[in-house]
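Shown next, in C-alpha cells, is the structure this report addresses.
Any read-out appearing in this document is the output of simple, stated calculations on the displayed coordinates, not a laboratory observation. For clarity, every value in this text was computed on a predicted model and none was experimentally measured. Positions of Cβ are backbone-derived with ideal geometry, glycine not excepted, and every protein chain shown enters the neighbour counts.
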Amino acid sequence: MTSQESLLPGTRRALLHRIAVAQAEGRAPSLVAAVARDGQAVWHGARTSVEGHGSDEDVQYRIGSITKTFTAVLVMRLRDEGLIDLGDPLEKHLPGTGVGEATVAELLAHTAGLAAESPAPWWERTPGSLRPELSDVLGDEPLRHPVGRRHHYSNPGYTVLGALVEEVRGVPWEEALREGILEPLGLHRTSAQPQAPYAGGWAVHPWADAMLPEPLEDLGRMAAAGQLWSTTGDLARFAAFLVRGDDRVLGAESLREMRTPAAPAEAADVMDGTAYGLGMQIQRRDGRLLVGHSGSLPGFLANLTISVEDDVAAVVLANCTSGPLLGAVGADLVRIVAEAEPRIPQPWQPLREVDPAVLELAGQWYWGTQTFGLRVSADGLIALGPLTGGGRRARFRVNGDGTWTGLEGYYAGELLRPVRRPDGSVSHLDLGSFVFTRQPYDDEDVVPGGVDPQGWRGIR
C-alpha cells in the first residue's frame, strides 16, 4: 500500500501538478505515477480524460523496454550462479546464431553491433508468430557495426539474451522470469500477458483531439525485449530492489555493476550526459545521477527513474503511442521529492571493532607532492582522495589478505597494497604501481626514480 502521509502536503501537490501538466500538455488518455523513497512507495497520482475513472497503483500498463532490465537481471543471476560468464561469447551457450562472436556483456550493453530492429514488417505492430525462430529475428545480415566497437541500441540483442536464459535454465523466458524475479519480489501484477484491470492503448491524432485504438500484439520471440505489463505499485517495488538488491534474486554488488556505464559513449551521448550500463540507462540531469529505463510500444509509454544517492525513484506510465516526455516527468518527480524533502542521513556510527593494522593506514599520504587523505569508515571500506582540489579518489574494499581493491573511478579494480618494513611498520602504499608516502618524496628509496640526495632547497 502507498503511504500518502509519508510526504508533506506541499510536496504531494507539486507532484500532482507535474503529472497534471504532463497529461494535459501531452494529451494522454491517462497518466499514472508513483514515487518510492527509502524502499517504500510514498505517493501515487493519476490523471485521466475519463472523469471518475483514474487508474490506481494496481492497473496494468504495457512497459515496453523496461522489460530489458528484467531480462538483464535474469542474465546477471546466471552469472552469479556460475552458469555463465559475462565475457563468454554467445556461441559457447547458444551456437549457430550468426552473432556468436558477441559476448554476453556486449549484448547487455548494446555493444554487440546488432541491428536496432528485426527485419520487416515492424515487430511492434505485427504478430510474434511471424518471427518464430531467432533466425527470423536476426535476419540474414544481423550486424550493423563491428562487435564491441560502439553502442547501438538493439531490440534483437535482448531477444538473443532471452533465448540465452531459456537455453541455460531449460525453461521458457516467462517461466524463468516468474520464478527468478516476480515471485521472490512479490510482483504479482507484472506479467507477459495483460491481466485485468489493465489500460487500453491509444494513438492520439497529432492535429486533432481524437483517438484511435492501437493493436495489441503478442511479441513472441521478441518478448524479452519488450513484452511485459506492470503497474506503478509493482514497478515501485522493483525500483527499490534495483537500489538495494535482494539475495533471493540478485545482490547489491551485481546491481551496482548493472548501474555502471558499460558502453562507449557516442558523441551525442557525451553532449547530453547519457550512458548505458548492463540493462540500465544512465543519465546526469540537474546535477543528479539517474538510472533506470524507458519503454514504449504502440499505445503505451513508460519510464522508471531512480536517484540512488537520494534513494528516490519515480514510475510514470501513460496509454498513448506518443505524447508526454515521461523521462523528463520522471526526473522531475525525483527532483521534487529530493529537493523538497532531502534525505535525512542515518546517524553516524563508529566502527564496531578497530583493526590496528587498518587504523595504521589512516591519515595523510603524499603522491609526489600532492596531499591525500585515507579514511577508514564503519562500513568496512577505506577511502583515498586528495585533501584539496580535484583529483583521483576512490573507495576500496578489503580482500582479506592485507590488500584492498578499488571500487570506482580511475582506481576501480586496482590493488592497494601496504608495503611494510622489516619491523612491520608501514613504509608506503603501492596503488597500481603508484607510491604513496607519509612525507613528500620520502628519501627511503621507495619513490620510483629515487630522490635527489641533496634534498629540498630554495632558489640559489
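Brief remarks follow.
- Compared with the alpha-carbon gap, the fully stretched path from residue 459 to residue 417 is longer by 11.4 nm at 0.36 nm per residue.
- Computed extension length for residue 348-residue 434: 27.7 nm, one decimal, from 0.36 nm per residue of separation with the Cα-Cα distance subtracted.
- Of the chymotrypsin sites (Phe, Trp or Tyr not before Pro) found in the stretch 177-227, those in coil by DSSP whose Cβ has at most 13 other Cβ atoms within 10 Å are 207.
- Taking every DSSP bridge with both residues inside the chain, close to 95 percent are antiparallel.
- Gyration tensor (alpha-carbon) shape descriptor, the chain, a/c threshold 1.5: prolate
- Distance between the 7 Å Cα→Cβ label points at residue 130 and residue 153: 2.1 nm.
- Radius 13 Å from Cβ of residue 45, net charge of other residues (Lys, Arg +1; Asp, Glu -1): +1
- At R0 = 56 Å, FRET efficiency that the Cβ-Cβ distance of residue 360 and residue 51 yields, to 0.05: 0.20
- Between residue 17 and residue 253, the simple label model (points 7 Å from Cα in the Cβ direction) yields a spacing of 4.6 nm.
- Simple label model, 7 Å out from Cα along Cβ direction - residue 244 to residue 425, nm: 4.7
- Arranged from fewest to most other beta-carbon atoms within 10 Å of their beta carbon, 434, 238 become 434, 238.
- Helical mean residue ellipticity (222 nm; -39500 (n - 2.57) per DSSP H run of 4+; nearest 500) of the chain: -7000 deg cm²/dmol
- Whether the stretch 356-437 is rounded, prolate or oblate, judged on the alpha carbon gyration tensor where a/c under 1.5 counts as rounded: rounded
- Across all C-alpha atoms in the stretch 148-274, the radius of gyration and Dmax reach 17.7, 50 Å.
- Theoretical gain in end-to-end length, residue 140 to residue 210 [0.36 nm per residue, Cα-Cα removed]: 21.2 nm
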